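The values are calculated or read from the model by the stated rules, or taken from the named source; none is laboratory data. No experiment lies behind these values; they were computed from the predicted model shown. Here the Cβ positions follow ideal geometry from the backbone for every residue, glycine too, while neighbour counts run over all protein chains shown. Heads up: the accessible areas ignore ligands, DNA and RNA and are worked out on the full protein's heavy atoms, side chains in. Shrake-Rupley method; radii C 1.70, N 1.55, O 1.52, S 1.80 Å.
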Amino acid sequence: MAELFELEDLRKLLRLAPDEFDTPAAGIARRQAGGWLSDATGLTVWPDPAPERLWSWAIELAAIAYNNPDGAQSEQIDDYKVVNDAQRREQILAAARAAYPSAAPTGSGPQWSFPAPDWSWETAPRC
């Protein structure tokens, strides 16, 4: 399966020196971004090469995951405060859902068939 972006591109986007970049963590962030995009778009195989919008969504989502692996909303140390990108992640995923409406699951109900309910049971009397 094709990758959405190269890890070296993520390192450059984050402006990290090679010795500061955690390649295994970046690989996990890439997989996480791919999972988020797959859920949003319904795509299970990435086009090769990836279209620009998929590439840009994926690398930005991976940057969010790399910089904030715990998914914290914000962090404050003394007078230094960082508000993380949960809202931006949702904006990206909404754009991906809108771009791939026929491929994304509708979420309006079950995707498979289920047996009919069994209403023959009776409740036990209270003692």
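Select from segment 26-55 the residues that are in a loop (DSSP other than H, G, I, E, B) and free of Cβ contacts under 8 Å to residues at least 40 places away in the same chain and write down the one among them that is most open to solvent (accessible area, probe 1.4 Å). Only one residue fits best here, namely Thr44. Looking at segment 1-25, which of the residues that are within 19 Å of Arg88 (Cβ to Cβ) and either in a helix (DSSP H, G or I) or not aromatic (Phe, Trp, Tyr) (or both) is most open to solvent (accessible area, probe 1.4 Å)? It comes out as Arg15.
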